[in-house]
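**Q** Okay, handing you the structure first.
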Amino acid sequence: MNSNEKRNIILKNYQDNTNRKDIEDKNYIKINSRNTSCIDNINIYIKFNNNVIEDIKFNGEACVIAISSTVTLINNLIGKTKNEALNIINNYEKMVDGLEYDKELLKELVAFDDISKQPSRKICATLASRKIKELL
Amino acid sequence: MNREDFNMLKNNIVYFDNGATTLKPNCVKEAIDDYYDNYTANAHRGDYKTSLIVDDKYEETRDKVKKIINAKEKNEIVFSSGATQSINYIVFGYFKYKLKKDDEVLITVSEHASNILPWFILEKEIGIKVKYIDLNEDYQVTIDNVKKAINNKTKVISLAHITNVVGDVRPIQEISKIAHENNILLVVDAAQSIAHTRVDVQKMDIDFLVFSGHKMYGPTGIGVLYGKYDLLNEMVPLNYGGGMNALFTKDGYIELREVPTRFEAGTPNIEGVIGLSSAIDYINKLGINNIEHYEQNLRKYLIDRLKELDFVEVYNGNNNIGAIAFNIKNVFPQDTAIYLDKYNICVRAGNHCAKILSDAIKVNNTCRISLSFYNTKEEVDLLINVLKNNKNIYNEIL
C-alpha cells in the first residue's frame, strides 16, 4: 500500500460518522480513553453478545490519527469473538511498535503502519485499542 | 525587534508559543556560563572571593526584582522554582493558617491550574469554599461581577493579571481597592503579564504576587513570590534545612532566619537567579513600555489578518494584549498545530491548563498564539498564508 492509499483510507475513515455517537443503552459498556499528554479524549461503548462483540460506538474529540484509527479498529472488531479481537489488537500493537505482524488480520488498519516511525503519534493511534484491550 | 539577540531564531522557526515559555537571549546564557566558568560557589556560605561574588549577584537580583515590580522593600522578594511553587507556598504557607472553615476564596474559571488546584486542596483540607467570579460575554472579569461575588465570608481574591488562554487584562488596581475595602487579600498571578506590561505592586496594591523567570526570557526553574512584608513575616516555611535557620539545638529548638531567607531552604537555584538577573536587565534595556506597544500593534495586526479568514474562528479578538485563541473550523486544534509545525510555526494546541474554562467558552480545545517582541508581521503573514492553504492540511500531516 503506498502512502497515497494509506492517506485515503485514514481520511475516509476519519470522515465516517457511522459509529460516532454517544449511546445511552445500558447494554453497552462505556469506557473512556484519553491521552493526558495531549488532548485526545473519547468515550467508547461496546455491546457484547455472549462472547461476540456485537457493536461498538464512540464519540469525543481527538486528532485525525486517533479518530481514524478508532473508526478503523471498530470496523474490524465488530462481529469478532473476544479472542479474535484480542488477536487483532495484539497484531495492531506489534505493527505500531514496528514488529512482525499478520497483515491479513489487520485489513485497513495497515494504513497506520507508518506510525511505528513516529513515536510521538503512537499514543494517538492506540487511543481506542489500549482501552478495548483492557476490557477484553 | 532585537531578533539578533536570540540564537533560537536562527533555526528557521516561527515561535508563537511565548505564553508557554519565551526564548532566551544570548545575554542570559552568557551570564549563566560566566557563573559556571568564573565564580562557581554556593550562596550565603563561604568566606572566599568567588562565594562572595555569588552572594552579591544573588542579592543584587533580589533588588532588581524589587525594582521591576516596584516593591517597597527588597526583603519582600522570595525566590522560588516558578509561579506554581509560589502560589502553593502562599496557599499552604500562609492561607492554610489564616483561613477557617467556610471562608471563601474567589477565583475564575479561566485561571491556570496552578491558581485553582492549590485552593481545591485547601478546600478539602480545612473546609474553605472556592467560589467563582462570573466572566462577561468576552470572558473578562468586570468590577461589577467582582462586587457581586463578594460577601462577608470572602477572604481572598486570587486572579491572573493576564490569563493564559483568554488573554484578558484584569483591572487589578480597581479589584484591589474593592478587596481591601472588604478586608480581602489579593493574590495576583503575573506569569503571563510580567514580560509584557508594567506590574507595579505598590500602585496596584497587591498583597501577594507570583511569576516565573522562564516566561520573561530567563531560565526555567526560577520564579518569584512577592508578599507585603507583614504578610510574609507571618508565612510559615514549607521547607526546613540549611540556609533558613539561625539556630537549632538538640532538644528541637529552631530559630528561623529573617524574611525572605527563611523561605529559601537548601542551596538555591543560583544559575537561575543569575539568569533571571540578566533577563531583567534585558527587559529594562528594551523598555517594558516599548515591548507592550510593539506587541499590541502586532497582536492587532494578527487579529485583523485572522479575521480575513472565514474558516478561522477567533475566540478572544476583543482583548488588546495576551494570547489569541483560535481554531480552523472543523479541524481538531492538535491537527492544526501539527500542520503549522510542518512550516516550523510553533503554536500550542489544547486546553492550556485551563480545563474548566471550556464550560464558559463552549470549546474544549483551541490553538493558542502568544506573541513576543521578537515576532514580526512577516511571521504573521506566513502563518496566514499557511492557514489559507488549509485544504492541504491532511495531505501534509498524514
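The values are calculated or read from the model by the stated rules, or taken from the named source; none is laboratory data. The structure displayed is predicted, hence computed values, not measured ones. Please note: Cβ atoms are built from the backbone with ideal geometry, for glycine as well, and neighbour counts cover all protein chains shown.
Conditions (1) outside any helix (DSSP H, G or I); (2) modelled with pLDDT of 95 or more; (3) buried (at least 21 other Cβ atoms within 10 Å of the Cβ), marked per residue:
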| site | (1), (2), (3) |
| --- | --- |
| B:Tyr339 | no, no, yes |
| B:Ala349 | yes, no, yes |
| B:Lys355 | yes, no, no |
| B:Ala360 | no, no, no |
| B:Arg368 | yes, no, yes |
| B:Ser372 | yes, yes, yes |
| B:Asn375 | yes, yes, yes |
| B:Glu396 | no, no, no |
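**Q** Search segment B:51-77 for residues being surrounded by 14 or more Cβ atoms within 10 Å (Cβ to Cβ) and in contact with a Phe, Trp or Tyr (Cβ under 7 Å, 6 or more places away or on another chain), and hand back the single one that is nearest to B:Ile280 (Cα to Cα).
**A** So, considering only residues that are surrounded by 14 or more Cβ atoms within 10 Å (Cβ to Cβ) and in contact with a Phe, Trp or Tyr (Cβ under 7 Å, 6 or more places away or on another chain), the one nearest to B:Ile280 (Cα to Cα) is B:Ile69.
**Q** Which numbered condition trips up B:Met8, out of (1) part of a helix (DSSP H, G or I); (2) within 30 Å of B:Ile384 (Cα to Cα); (3) touching a helix residue (DSSP H, G or I) at 6+ places or on another chain (Cβ under 7 Å)?
**A** Every listed condition holds for B:Met8 apart from (3).
**Q** Which of the residues belonging to segment B:159-191 are closer than 28 Å to B:Cys367 by Cα, touching a Lys or Arg at 6+ places or on another chain (Cβ under 7 Å) and in a loop (DSSP other than H, G, I, E, B)?
**A** Scanning segment B:159-191 gives B:His161, B:Val165, B:Ala191.
**Q** Do you know which residues across segment B:365-383 are closer than 16 Å to B:Val331 by Cα and touching a Lys or Arg at 6+ places or on another chain (Cβ under 6 Å)?
**A** B:Arg368
**Q** Counting only residues that are within 30 Å of B:Glu181 (Cβ to Cβ) and surrounded by fewer than 23 Cβ atoms within 10 Å (Cβ to Cβ), how many does segment B:208-249 have?
**A** 7
**Q** Now a separate question. Which ranges mark the strands (runs of 3 or more DSSP E) fully within segment B:61-135 that have 2 or more residues being on the phi < 0 side of the Ramachandran plot and not hydrophobic (A, V, I, L, M, F, W, C)?
**A** Here the list reads B:129-132.
**Q** Just for helices (runs of 4 or more DSSP H) wholly inside segment B:222-320: which have at least 1 residues that are out of contact with any strand residue (DSSP E or B) (no Cβ under 7 Å at 6 or more places or on another chain) and farther than 30 Å from B:Val166 by Cβ? Reasoning before the result, please.
**A** On the way: elements: B:229-232, B:270-286, B:288-307.
In segment B:222-320, B:229-232, B:270-286 are the helices (runs of 4 or more DSSP H) which contain 1 or more residues that are out of contact with any strand residue (DSSP E or B) (no Cβ under 7 Å at 6 or more places or on another chain) and farther than 30 Å from B:Val166 by Cβ.
**Q** To continue, here is another question. Which one of the conditions (1) of a type outside the set (Val, Ile, Thr); (2) crowded, with 21+ Cβ neighbours inside 10 Å; (3) on the phi < 0 side of the Ramachandran plot does B:Asn297 fail to meet, given that it meets all the rest?
**A** Going through (1) of a type outside the set (Val, Ile, Thr); (2) crowded, with 21+ Cβ neighbours inside 10 Å; (3) on the phi < 0 side of the Ramachandran plot one by one, B:Asn297 breaks only (2).
**Q** Next up: For segment A:39-76, how many residues meet the condition of being more than 13 Å from every other protein chain (Cβ to nearest Cβ) and over 17 Å from A:Thr18 (Cβ atoms)?
**A** Residues in segment A:39-76 being more than 13 Å from every other protein chain (Cβ to nearest Cβ) and over 17 Å from A:Thr18 (Cβ atoms): 5 in total.
**Q** Of everything in segment B:377-394 that's of a type in the set (S, T, N, Q) and assigned to a helix (DSSP H, G or I), which residue is farthest from the other protein chains (Cβ to nearest Cβ)? If you could, list the steps in order and put the result at the bottom.
**A** Of segment B:377-394, the ones of a type in the set (S, T, N, Q) are B:385, B:389-390, B:392.
Now restrict to residues that are assigned to a helix (DSSP H, G or I): B:385, B:390, B:392.
Working: B:Asn385: 22, B:Asn390: 13, B:Asn392: 11 Å.
It comes out as B:Asn385.
**Q** Same structure, new question: Which of the following residues is modelled with pLDDT of 95 or more and surrounded by 20 or more Cβ atoms within 10 Å (Cβ to Cβ): B:Leu122, B:Leu117, B:Leu135?
**A** It is B:Leu122.
**Q** Being farther than 30 Å from A:Asn59 by Cα and either within 14 Å of chain A (Cβ to nearest Cβ) or buried (at least 16 other Cβ atoms within 10 Å of the Cβ) (or both) is true for just one of B:Gly322, B:Gly252. Which residue is that?
**A** Numbers: B:Gly252 fails: either within 14 Å of chain A (Cβ to nearest Cβ) or buried (at least 16 other Cβ atoms within 10 Å of the Cβ) (or both).
Just one listed residue meets the conditions, B:Gly322.
**Q** Taking the condition in the same structural domain as B:His44 (by TED's automatic domain parsing), in contact (Cβ under 8 Å) with a residue 40 or more places away in the chain and among the hydroxyl-bearing types (Ser, Thr, Tyr), does B:Thr249 pass?
**A** no
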